[in-house]
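Remarks on the structure that follows.
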Amino acid sequence: MAEHKDEILLKVNQVFNPPERVLEKALISAEEFDKIYQKSVEDPEGFWAEQAEKELVWFEKWEKVREWNYPYYKWFVGGKLNITYNCLDRHVENGRRNKIAYIYTNEDNQEIKVTYGELLEMVNRFANGLKSLGVKKGDRVVIYMPLVIEQMVAMLACARIGAIHSVVYAGFSANALRMRIEDAEAKVVITSTWTKRRGKKIDLKSVVDEAVDGLEFVENIIVFQREGDEFELAEKEIDFNELMKNQSPECEPEVMDAEDPLFILYTSGSTGKPKGVLHTIGGYNLYTHVTTKYVFDIHEDDIYWCTADPGWITGHSYMLYGPLSVGTTSVIAEGAPDFPDPGRWWSIIEKYRVNIFYTAPTAIRLFMKYGEDWPAKYDLSSLRVLGSVGEPINPEAWIWYYENIGRKQCSIVDTWWQTETGGHMITTVPAYPQKPGKAGKPFWGIKADVVDKQGNPVEPNTVGFLVIKEPWPSALRTCWGEPERFEKYWNEIPNVYTAGDLATKDEDGYIMILGRADDVINVSGHRIGTAEVESALVSHPAVAEAAVIGKPHEVKGESIKAFVILKQGHEPSDNLLKDIKMHVRHELGSLAVPDEIEFVEKLPKTRSGKIMRRVLKAQELGMDVGDISTLED
Ligand code: PRX
């Protein structure tokens, strides 16, 4: 074991050159990548204008490529397009009508395939259905659905008619869903009866019932009923399939402005409730298209599989808009990765001959625990590019992925990005040399750097804040209803976008992401705000005060630990502990439930009363607590 560790350490400092078979096929070589990068940062507007002409169909050309009124910016000003035209119609018109867009599978090995032609018709019918309910351009539609093709249809149908979708991950609780429905004042909510995970049905509809209770502005709830459902529709409720059936398969795409909103997606920050990150159409379409094509090196006959969920940004950019805009065939799989057995994912890769596979480090670490015999049973030779996203990938997991899934015949792209960035920001392209644990270099047009608090670049291999120096096409445009929270990204260090991550940059310009610099915890690649969990905890009747920290966890990356002070008259007990956990699950969802809760008498606070989580964390991990001169007690 010790020997193995030394070996890994050696490999970490080693550069992995792309395998010959990857290089032979690559759309772009390392030299070309560098040359284009240079050009793209010297003249971002020229570069993106050229890409926009080449890669997308516009109904009307833009007047200006970029407008930058710090801290606000616009891209392709005056340009007109519809993202669904780029994702569907143009493929159908250009020989891809019968190409498969999605292959759906689930834990029961059911298989559903839809072609680009069929998907376009489904989207048009559903878009007409939405129109028949009075949904118009600019209206908000909340989507709370399982990972099924109909969810893609619902999202695209919104984009078709110019409605703004706000997808909520179907693991969030009724309260979390309600907050998002209220914040966006959604006119319609689209849901389904259930999803299935580990062989068990999880009811989604009852969550929606609780979430919309009493919300007058929600005019309709569209319910996708699944096989075997016997279900009575209540007032305001409409059947998904019925709504589609009675509509025309043709629906002209709404002519949208490049800067019209496409979607809102809520994500956790270090304070307060989640922020509604807003993305607009033109720049987002272009940036996700270009990154999908070059970072994953997608060729016409490739099969691509991203294991995310549309409830997260990865699902928006790299299961839906990017892959469809490029015209690729995607696999989507509902259910758990390791059910009915830990060979499930590898059997899917074998069955569909997947060429490009994109997943999260937490999944890789889960499979490491099951052992290499599981993937070894399957033929994974179709794979060419392996992707990683959501959290830092530790070198040990990188090497396991490289050896046991990639069989040393694949490139790994470790893509760093965020809900706010819309698309990949730092990575290597497949033909580029890779360093385990280091995401790599900024993508075309991205000026990334590692700086100190004042914004000065730090020395190589020194920890600093990760920043982006100018707006890029798919950068968030605002936070829904809270422009001051948007401005903060560009104000924290003046003139640059502060990502909230700590990083280092080495002599070769490779950036390594170390994790969040703020009070955000990354549990299995999901962002959870300490403030959200704390406020869920203190809303429990027995809890007086709470503080939450992230702790390193073997599989999840980080786990949540809560310190809780009970109100007078309540005593610590196992039952109370369970009850508090249940309460957090109900308030936020299972993702946010602390793994550990410790009952304490006191919490470390500053004289002004702010909880010092950093002190709790240092104590918990047995580290030096650092400067505590401001500590009250
Ligand atoms: O801390 C970084 C981490 O995930 C955060 C963004 O989370 P979210 O908006 O939910 O988007 C996740 C999917 C893009 C970042 O601030 N993160 C994401 N990708 C990586 C990463 N950390 C290290 N390496 C990555 N490849």
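Here is how the numbers come out for the structure above:
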read-out: For the range 347-496, alpha-carbon Rg relative to the globular expectation (2.2 N^0.38 Å, N residues); value: 1.23
read-out: Neighbour net charge for H424 - beta-carbon separation under 14 angstrom, K R +1, D E -1; value: -1
read-out: The range 99-146 - Rg (one decimal) and Dmax (whole number), Cα, Å; value: 14.0, 39
read-out: Label point 7 Å beyond Cα of E63 along Cβ direction - residues of the range 214-257 with amide nitrogen under 15 Å; value: 257
read-out: Equivalent-ellipsoid semi-axes of the range 317-402, from the Cα gyration tensor, Å, largest first; value: 21, 16, 12
read-out: Gyration tensor (alpha-carbon) shape descriptor, the range 160-200, a/c threshold 1.5; value: oblate
read-out: Long-range amide H partners of T115 with built H, under 5 Å; value: A101
read-out: Nonlocal amide H pairs with K441, under 5 Å, H built at 1.01 Å; value: T427, T428, I511
read-out: Residues of type aspartates and glutamates that K551 reaches as a straight line, Cα spacing below 16 Å, ignoring anything fewer than 8 places off in the same chain; value: E391, D518, D519, E534, D595, E596, E598, E620, D624
read-out: Peptides 373-385, 354-366 ordered by average Cβ neighbours within 10 Å, highest first; value: 354-366, 373-385
read-out: Cut-off under 5 Å, modelled amide H: who pairs with F263 long-range; value: H279
read-out: Relative pair counts by distance (%), Cα atoms of the range 429-541, 10 Å bins; value: 13, 36, 35, 13, 3, 0
read-out: Percent of Cα-Cα distances greater than 18 Å, calculated over the range 499-633; value: 58
read-out: Solvent exposure of the chain as accessible area per residue, Å², 1.4 Å probe; value: 39
read-out: Cβ crowding within 10 Å averaged over residues, with 568-581, 199-212 ranked highest first; value: 199-212, 568-581
read-out: Net length gained if the chain between E31 and E235 were fully extended (0.36 nm per residue, minus Cα distance); value: 67.3 nm
read-out: Tail weight of P(r) past 33 Å, computed on alpha-carbon pairs of the chain, percent; value: 45
read-out: Listed residue (W58, L27, G129) projecting farthest to the positive dipole end of the range 1-154, Cβ model; value: G129
read-out: Added length on full extension, which subtracts the Cα-Cα distance from 0.36 nm per residue, H570 to S381; value: 62.1 nm
read-out: Pairs from K64/K293; K74/K453; K236/K488; K74/K293; K293/K377; K39/K113 whose Cα-Cα separation, in the structure shown, is over 29 Å; value: K236/K488; K293/K377; K39/K113
read-out: Total charge dipole magnitude, the chain, about the Cα centre, Cβ charges on Lys, Arg, Asp, Glu only, Debye to nearest 20; value: 280
read-out: HN-Hα J in Hz across the range 452-463 - Karplus 6.51, -1.76, 1.60, θ = phi - 60°, x for Gly and Pro; value: 8, 4, 8, x, 8, x, 8, 4, x, 6, 10, 6
read-out: Whole-Hz couplings from phi, Karplus 6.51/-1.76/1.60, listed for the range 247-255; x for Gly and Pro; value: 10, 6, x, 10, 7, 4, x, 4, 7
read-out: Rounded percent of accessible protein surface that carbon and sulfur make up, the range 209-343, 1.4 Å probe; value: 46
read-out: Helix-only mean residue ellipticity at 222 nm for the chain, each DSSP H run of n ≥ 4 adding -39500 (n - 2.57), per residue, nearest 500; value: -8500 deg cm²/dmol
read-out: Qualifying lysines (Cα of each under 16 Å from Cα of K610; at least 8 residues distant if same chain); value: K602
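The values are calculated or read from the model by the stated rules, or taken from the named source; none is laboratory data. Just so it is clear, the structure is predicted and the values come from calculations on it, not from any experiment. Because the Cβ atoms are built from the backbone with ideal geometry, glycine has one as well, and the counts that use them run over all protein chains shown. Ligands, DNA and RNA are excluded from the accessible area calculation, which covers all protein heavy atoms including side chains. Shrake-Rupley method; radii C 1.70, N 1.55, O 1.52, S 1.80 Å.
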